[in-house]
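Chemist: This is the structure, below, for whatever I ask next.
No lab work stands behind these numbers, since they all come straight from the coordinates. Just so you know, these numbers come straight off a predicted model, no measurement behind them. Here the Cβ positions follow ideal geometry from the backbone for every residue, glycine too, while neighbour counts run over all protein chains shown.
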Amino acid sequence: MSISGIVDPAFGAVRDAFGANFDAGLELGASLAVSVGGRNVVDLWGGWLDAAKTRSWERDSLVCVFSCTKGVAAVATMWAVEQGLVDLDAPVAKYWPEFAAAGKGDIPVRWLLTHEAALPAISGRLPAGSLSDWRLMCDALAAQEPWWEPGTTHGYHGVTFGHLVGEVLRRATGRTCGQLVRDELGAPLGADLLMPLDPADDARVSDLVVDMSRDGTFFDRWDPKTSLGPRAFGNPPDANDPNHCMTDTWKRAEIPAANMYSNARGLDRLFSALAGGGRLGEVEVASPELVAEFGRCQVRGEDKVMELPTAFALGFEHTIPEWPFGPGARTYGHNGSGGSLGIVDPDAGVSLGYAMNRLWWGPSRTDPRWEPIFEAVYAAL
């Protein structure tokens, strides 16, 4: 496989690790970017945008990065907090009065970000396509009764996170999450962080190819009758259908939990600003103190939805031994369904973006493509 891009000579082994994943048949098309101390040292891409291998992955190719979108939405929230537009400890109902229904009047904004709001699922059955209907989703969440006592434990709000956080941002700032990301993050940083996707960018977008392990996926352990997971990820069914995720309906929507279009360079540039204490060049996202607060592990333990250990900072996943994002003890960021990743290690000053179109779902959350890259990056520091 021919790999394109640039690599600092000290990080040549990272290029080798990235290329080895293609040679092993683990990739179709992918991009990888790494920065250290705000300086880009790896910017690579290769492979194909389609399973038929008729369209090459180019420097500016895009792919849906699924739940990496949550990490971008977290940075947009960080920006709004820095501007004094959102108070993390104010009730959500201060910004969104209808949210107070069903006993939710005291839930603070902070718990939306830490997955402690107890709203990972909607109990009323929603038809396919509902995830792209902003008003429908927000009305359903405002009326929803919590699934457990909020603030007592956490459970991954895999589908609902974006509408919960996004509606607070919309009410508080007058702009949607996608508009905030475009205006305050993507454009200033020169990063492709696109939600919704403009039709003019369709030609740059990769198809998605799902690769299910013959050993099943870690979702298989859920009990369909008692587990929250199937309720959370199956209602509405939109996000569970890769074919739907390639439709115009999906591309033109704003789903801040799942449908941002980006590439490794875009994710790395955003997280590079966090690695720099909130600043990259002349662009300031937030103060070092606020960046540190957002990146600090807030909750950790058995997840009510995932039914395995997870840890969250404010809107970000936090590394834990059971699911590490490299060797850094304080690394945080977010992965996306099938393998995409955007992370920052604040101690090493390392940021990393990885985006690909072969979606790998296996029996554990560990992606076999990550570890060789992590090893090569940290060996070069």
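Chemist: If only Cα atoms are counted, what is the Rg of the stretch 89-132, and what is its Dmax, in Å?
Modeler: According to the Cα coordinates of the stretch 89-132, Rg and Dmax are 12.0, 34 Å.
Chemist: With labels modelled as points extended 7 Å from the Cα through the Cβ direction, what inter-label distance (nm, one decimal) is found for Asp50 paired with Asp89?
Modeler: Output for this residue pair reads 5.5 nm.
Chemist: Order of His318, His163 from fewest to most other C-beta atoms within 10 Å?
Modeler: Fewest to most other Cβ atoms nearby, the residues stand as His318, His163.
Chemist: Treating only the Cβ atoms of Lys and Arg (+1) and Asp and Glu (-1) as charged, compute the dipole magnitude of the stretch 227-381 about its Cα centre; round to the nearest 20 debye.
Modeler: For this selection, approximately 220 debye.
Chemist: Between Ala128 and Asp183, 0.36 nm times their residue separation minus their Cα-Cα distance comes to what? Mind showing how you got there, number by number?
Modeler: Details: separation 55, 0.36 × 55 = 19.80 nm, distance 3.07 nm.
Stretched fully, the Ala128-Asp183 segment lengthens by 16.7 nm.
Chemist: Kirkwood Rh, Cα Rg: Rg to Rh for the stretch 47-199? Don't jump to the answer; show the numbers that get you there.
Modeler: On the way: Rg = 17.0 Å, Rh = 16.7 Å.
Rounded to two decimals, Rg/Rh equals 1.02.
Chemist: I would also like to ask the following. Calculate the tail of P(r) for the stretch 97-164: the fraction of all Cα-Cα distances greater than 20 Å, expressed in %.
Modeler: The calculated P(r) of the stretch 97-164 puts 19 percent of pairs beyond 20 Å.
Chemist: Return the Rg/Rh value of the chain, two decimal places, where both radii are evaluated on C-alpha atoms and Rh is the Kirkwood radius.
Modeler: Values: Rg = 19.2 Å, Rh = 20.5 Å.
In the chain, Rg relative to Rh is 0.94.
Chemist: May I have the pair-distance distribution P(r) for the stretch 331-381, computed from all Cα-Cα distances with 10 Å bins from 0 and rounded to whole percent?
Modeler: Reading the bins upward from 0: 23, 56, 20, 1.
Chemist: Antiparallel DSSP bridges in the chain: what percent, to the nearest 5?
Modeler: Taking every DSSP beta bridge with both residues in the chain, the antiparallel ones total about 90 percent.
Chemist: In nm, what is the difference between 0.36 nm times the number of residues separating Ala20 and Phe219 and their Cα-Cα distance? Mind showing how you got there, number by number?
Modeler: On the way: separation 199, 0.36 × 199 = 71.64 nm, distance 2.81 nm.
Between Ala20 and Phe219, full extension yields an extra 68.8 nm.
Chemist: OK, next. Test of understanding: ordering Met356, Met306 by Cβ neighbours within 10 Å, fewest first, what list do you get?
Modeler: Starting with the residue having the fewest Cβ neighbours, the order is Met306, Met356.
Chemist: Please report Trp111, Trp134 as a ranked list, fewest other C-beta atoms within 10 angstrom at the top and most at the bottom. Write out the running numbers ahead of the final one.
Modeler: Details: Trp111 22, Trp134 17.
Ordered by Cβ neighbours within 10 Å, fewest first: Trp134, Trp111.
Chemist: Pulled fully out, how much extra length does the chain show between Ala13 and Ala203, if you take 0.36 nm times their separation in residues and subtract their Cα-Cα distance?
Modeler: On the way: separation 190, 0.36 × 190 = 68.40 nm, distance 3.18 nm.
The span from Ala13 to Ala203 would gain 65.2 nm if fully extended.
Chemist: Counting each DSSP H run of 4 or more residues in the chain as -39500 (n - 2.57), what helix-only mean residue ellipticity at 222 nm follows after dividing by all residues, to the nearest 500 deg cm²/dmol?
Modeler: -7500 deg cm²/dmol
Chemist: Counting other Cβ atoms within 10 Å of each Cβ, which GluC sites (Glu not before Pro) in the stretch 279-315 have at most 13 and sit in a DSSP loop?
Modeler: Listed in order of number, the matching sites are Glu282.
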